[in-house]
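Worksheet: one structure, shown below.
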Amino acid sequence: MPVLKNISTLYTCPFEGAQSDIGPVEGAAIAWSGKTIEWAGREADLPETYQNEPALDAGGNMVIPGLVDCHTHLCFGGWRPDEFEMRIQGRSYLEIAKAGGGILSTVKHTRAASEDQLFDKASRLLDKILQNGTTTIECKSGYGLSTEDELKQLRVYKRLADKFPGTLVSTFLGAHTFPPEFKNNRAGYIDLIINEMIPAVAQEKLAEFCDIFVEDSAFNPDEARKIFEAGKKAGLHPKLHADQLSSGGGAELAAEVGAVSADHLERISDEGISKMAGHDVVGVTLPIASLYTQQPYLNCRKLVNGGVKVAVATDFNPGSAPSYDLPLAMMLTCNHGRLTPAETLKAATIYAAKAINRHETVGSIEPGKKADFLVLDAPDVNFWLYHYKGASVVNKSVAGIYS
Ligand code: NIG
Ligand code: FE
């Protein structure tokens, strides 16, 4: 039963309270047994039972829950550095996509790769992601766009989940865009998603969520409604890429279909904010995508003021967000999203866990939760996100394994 002592400040990040309530405890200790936290509080109050247990030293550093990246596209073939250069030279994300780049370029490379090749690549990335402090990760398909190739990506995630000490949650994103063979047959592709892909995903239990890119350039709200309905019948909970490049009623749709989260939202309407608040849909900001596509950032302050819980994620993918650095996304959320470091910490822990239905097991440091936390080389959360230098993880405990 290990005990971690000498923590300058422990941020427990309870689900309850406001976006800014991160439950700080000064001079703290944590005790856990196996994979589960048994006790957390002031070291001076450490119960008798733990006094003689082997003590680990946090070195006077701060401790937070393991970070939760609730939106990534981890498994893909190839990369797209050429598009990075093109955007710098002034071509837009949409222009590049229309010229055959964008998502479809990654679809080509993902289709050409074997499951083992994709697994090896994603596995190497996941090791680095864990080192950077992300202990829970959501991973989407969406670069296959055929039944076999979507299943291939999701099977990679299943294999990764089995070996990952943290938590990996999978999302089916067959409705990412229309593949070339259905370019002139939208209804045909939607039929394929509904009648073939979703049943196959459900049968192999390969995903928990069904995500859709709702956008002028992708799926419209009517098409999305049909797909969500089929997904729900198969036990897949709705999630959305919404209001990123155009204000197309994505946030409103998220509320209507009872989505767990709506992500991007840079062009959300006031109506969308109030509907999301009313239906407790988490708003996920993805500032690395804004950074790399030279697009406006989401004003997260507006969402918090409107009663929406805000989470932050990387959107890691080879096109619009080629970085898996969640602390970078957090720093951008402070500077451009206008959330304080405390609010941003809650966005990358318990609220991010809520966005993937894992808030009862991870995302906070409380008895009964998974022993999953990070010791960071910083005196407090303000300093950590102000003096940005990557994750600064000194030690971590994932599933009770302290390293
Ligand atoms: O979340 N918006 C849609 N999908 C990704 C982009 C994927 C890509 O460019 O490959 C996103 O930004
Ligand atoms: Fe995305």
Summing +1 per Lys or Arg and -1 per Asp or Glu among the other residues with Cβ less than 10 Å from residue 318's Cβ gives 0
Residue-level accessible surface for residue 164, protein heavy atoms, 1.4 Å, Å² | 20
Just add up the charged neighbours of residue 399: K/R +1, D/E -1, any other residue whose Cβ is under 11 Å from the Cβ of residue 399.
-> +2
Taking Cα centroids, how far is segment 256-281 from segment 98-122 in Å?
-> 31
Interchain or sequence-distant (5+) residues whose placed amide H lies within less than 5 Å of the amide H of residue 62 are 8, 9, 376, 378
Can you give the accessible area of residue 194, probe radius 1.4 Å, in Å² rounded to 10?
-> 40
What net charge do the residues around residue 300 carry, taking every other residue with its C-beta under 11 Å from that of residue 300, with Lys and Arg at +1 and Asp and Glu at -1?
-> +2
For the pair residue 20 and residue 377, how long in nm is the line joining their label points, each one 7 Å along Cα→Cβ?
-> 3.1
Hey, what angle do you get for helix 115-131 against the long axis of the chain, alpha-carbon based, 0 to 90 degrees rounded to 10?
-> 40
With every protein chain in place, the accessible area of residue 397 for a 1.4 Å probe, in Å² rounded to the nearest 10, comes to 0
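Ignoring ligands, DNA and RNA, what accessible area per residue does the chain give at 1.4 Å, in Å²?
Spelled out: the 1.4 Å probe surface of the chain, per residue, equals 37 Å².
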Which percent of the accessible heavy-atom area of segment 92-234 goes to carbon and sulfur, probe 1.4 angstrom?
-> 50
Greater than 32 Å apart at Cα, pairs in 35/108; 205/354; 183/205; 35/354; 98/140; 226/275 = 35/108
Longest the chain segment clear of trypsin sites (Lys or Arg not before Pro) sitting in DSSP loops (not H, G, I, E or B) with at most 12 other Cβ atoms within 10 Å runs 206-388
Scale the Cα Rg of the chain by the rule-of-thumb value 2.2 N^0.38 Å and send over the ratio, two decimals.
-> 0.96
In whole percent, how big is the carbon plus sulfur part of the accessible area of segment 357-403, probe 1.4 Å, protein atoms only?
-> 52
Order of exposure, largest accessible area first, which applies to 79, 39 with probe 1.4 Å = 79, 39
For the chain, which span is the longest to avoid every loop-located (per DSSP) member of GluC sites (Glu not before Pro) having at most 16 other Cβ atoms inside 10 Å?
-> 17-203
Non-local residues with an amide H under 5 Å from the amide H of residue 56, with H modelled 1.01 Å from N and Pro and chain starts lacking one, are 3, 4, 5
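The values are calculated or read from the model by the stated rules, or taken from the named source; none is laboratory data. Note that the structure is a prediction, hence the values are computed from the model and not measured. Counting neighbours? That spans all protein chains shown, and the Cβs are built from the backbone with ideal geometry, glycine included. Just so you know, the surface numbers come from the protein's heavy atoms only, side chains and all, with ligands and any DNA or RNA stripped out. Shrake-Rupley method; radii C 1.70, N 1.55, O 1.52, S 1.80 Å.
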